[in-house]
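Student: There's a structure below that I have some questions on.
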Amino acid sequence: MTYETIIVEIEEGIATVTLNRPDVLNALNSQVFNELADVAVNLGEDDSVRAVIITGGDKVFAAGADIKAMASLTAVDVAASVRPSLRAFNLLENMHKPVIAAIAGYALGGGCELTLTADVRIAADNAQFGLPEIKLGILPGGGGTQRLPRLIGAGKAKELIFSGDFISAEEALRVGLVNKVVPADQLLTEAKKMAKKFAARGAVAIYLAKSCVNEGLRMDLEMGLQYEHKCFGLLFATEDQKEGMKAFIEKRKPNFQGK
Ligand code: HXC
């Protein structure tokens, strides 16, 4: 897979997608969104890929949507131009495999919102998070007003959205915005370690568990519990369920095939 604004590497079932516009701190323009959407579809269809890492490398995750590209847009332009980000973020969030965001340096605006589409966020100790859109006279339009409150609660999300202030990796950990903080030079190693752990599990079980959490967040508790029960039952039709339970009884590690 060859792209201009992202680099994709696949190694031992783990795909690493690296944002690659270093001159503008990985600012996200429509080309980036289109390439992210494309890679989400392609990696989703590639059965050899069992987990995905999204990163900006070791200096910066992404300083947000490209302000220079947005500055002269009209309301009509925006109604159209917002579609690539919506499409990319929805495709990433709904991938049938685990997605880990590995974040160093700034994750601002659309960059922060991109991390919210991942299942798990690992931050380098130098990471900074923020939704500074309010300082530009706009609001977080890449899911920040929706995914962030669902993740960290409305009160803290509103403080970040209304102030535009940045928070450190440690503060992000404290409020539940990230799962883990690691030394900057360990970021990709830690992300790969976690990705490998997920990749060794049954792929169908991971997909359905992800679906239960994501879909469940859109349902009331009763509906969510019913959905979970159906997915639970469905897994008893997989070879992985037979293998997982057989391996337990035989006191050995399971060898899941993802079917
Ligand atoms: C375009 C950007 C950019 C951005 C940085 N650059 N952020 N270009 N869009 N979002 C460019 C700068 O213009 C500069 O290019 C180069 O990257 C380096 O940035 P500096 O500002 O010189 O670096 P520094 O002084 O270290 O400051 C870093 C920073 C600052 C604090 C991250 O760049 C900053 O505040 N950036 C904007 C952050 C922001 O407001 N993000 C939200 C965007 S709105 P030149 O050529 O001048 O050297 C948004 C909406 C989402 O994300 C909508 C849905 C997806």
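Student: Roughly how many whole Å is it from the C-alpha centroid of the range 19-37 to that of the range 132-151?
Tutor: Each part's Cα centre sits 19 Å from the other's.
Student: When a/c reaches 1.5 or more, the comparison of a/b and b/c decides; with that in mind, is the range 203-249 rounded, prolate or oblate per its Cα gyration tensor?
Tutor: Details: a/c = 3.22, a/b = 2.38, b/c = 1.35.
Judged from the Cα gyration tensor, the range 203-249 comes out prolate (a/c at least 1.5, a/b above b/c).
Student: Then there's this: Leaving ligands, DNA and RNA out of it, rank ARG252, ARG150 by accessible area with a 1.4 Å probe, largest first. Intermediate values should be presented prior to the final figure.
Tutor: On the way: ARG252 95, ARG150 145 Å².
These residues rank, largest area first, as ARG150, ARG252.
Student: Ok, one more. Roll a 1.4 Å probe over the protein chains and send me the accessible area per residue for the range 106-191 in Å². Mind dumping the intermediate values first?
Tutor: Values: 3630 Å² over 86 residues.
Per-residue accessible area for the range 106-191 comes out at 42 Å².
Student: Given the options PHE236, ALA200, LEU225, identify the residue whose Cα lies farthest towards the positive end of the charge dipole of the range 196-259 (+1 on Cβ of Lys, Arg; -1 on Cβ of Asp, Glu).
Tutor: Sorting the options by dipole projection puts first ALA200.
Student: Between the range 180-201 and the range 205-232, what is the C-alpha centre distance in whole Å?
Tutor: 26
Student: Still on this structure, please answer the following. Determine the dipole magnitude for the chain: charges of +1 sit on the beta-carbon of Lys and Arg, -1 on that of Asp and Glu, nothing else is charged, the reference point is the Cα centre, and the result goes in debye to the nearest 20. Walk me through the numbers on the way to the answer.
Tutor: On the way: 29 positive and 32 negative charges, 145 e Å.
With Lys and Arg at +1 and Asp and Glu at -1, about 700 debye.
Student: What figure in square angstrom, to the nearest 10, would you give for the accessible area of TYR227 with a 1.4 Å probe?
Tutor: Spelled out: TYR227, probe radius 1.4 Å, area about 60 Å².
Student: List the GluC sites (Glu not before Pro) within the range 185-259 that DSSP assigns to loop and that have no more than 15 neighbouring Cβ atoms inside 10 Å. Numbers along the way, then the final one.
Tutor: Values: sites: GLU190, GLU215, GLU222, GLU228, GLU239, GLU243, GLU250; in loops: GLU250.
Counting only loop positions with at most 15 other Cβ atoms within 10 Å, the GluC sites (Glu not before Pro) in the range 185-259 are GLU250.
Student: Let me ask something else. Rounded to the nearest 500, what is the chain's calculated 222 nm mean residue ellipticity when only DSSP H runs of at least 4 contribute -39500 (n - 2.57) each, over all residues? All intermediate terms of the calculation are to be shown ahead of the outcome.
Tutor: On the way: 11 runs with 122 residues, N = 259.
Helix-only estimate at 222 nm: -14500 deg cm²/dmol.
Student: Suppose every K and R has +1 on its Cβ and every D and E has -1 on its Cβ; what is the size of the dipole of the range 1-58 about the Cα centre, in Debye to the nearest 20?
Tutor: On the way: 2 positive and 11 negative charges, 43 e Å.
Using only the charged Cβ atoms, the result is roughly 200 debye.
Student: What number results when the radius of gyration of the chain, computed over Cα atoms, is divided by 2.2 N^0.38 Å? List each step's numbers first, then the result.
Tutor: Working: Rg = 18.8 Å, N = 259, 2.2 N^0.38 = 18.2 Å.
Compactness ratio reported: 1.04.
Student: Next question. Among GLN31, GLN241, GLN226, which one shows the highest mean-square fluctuation when the chain is modelled as a Gaussian network with alpha-carbon springs under 10 Å?
Tutor: Of GLN31, GLN241, GLN226, the most mobile in the Gaussian network model is GLN226.
Student: Rounded to a whole number, what % of the accessible area of the chain do carbon and sulfur atoms account for, probe 1.4 Å? Provide the component values of the computation, followed by the final result.
Tutor: Details: 7800 of 13590 Å².
About 57 percent, which is the carbon plus sulfur part of the accessible surface.
Student: Please state the shape class of the range 170-253: rounded when a/c is under 1.5, otherwise prolate if a/b exceeds b/c and oblate if not, all from the C-alpha gyration tensor. Intermediate values should be presented prior to the final figure.
Tutor: Working: a/c = 3.14, a/b = 1.26, b/c = 2.50.
Judged from the Cα gyration tensor, the range 170-253 comes out oblate (a/c at least 1.5, b/c at or above a/b).
The values are calculated or read from the model by the stated rules, or taken from the named source; none is laboratory data. Note that this is a predicted model, so its numbers are computed, not measured. Glycine gets a Cβ as well: all are built from the backbone with ideal geometry, and neighbour counts include every protein chain shown. In case anyone asks, the SASA skips ligands and DNA or RNA and just uses the protein heavy atoms, side chains included. Shrake-Rupley method; radii C 1.70, N 1.55, O 1.52, S 1.80 Å.
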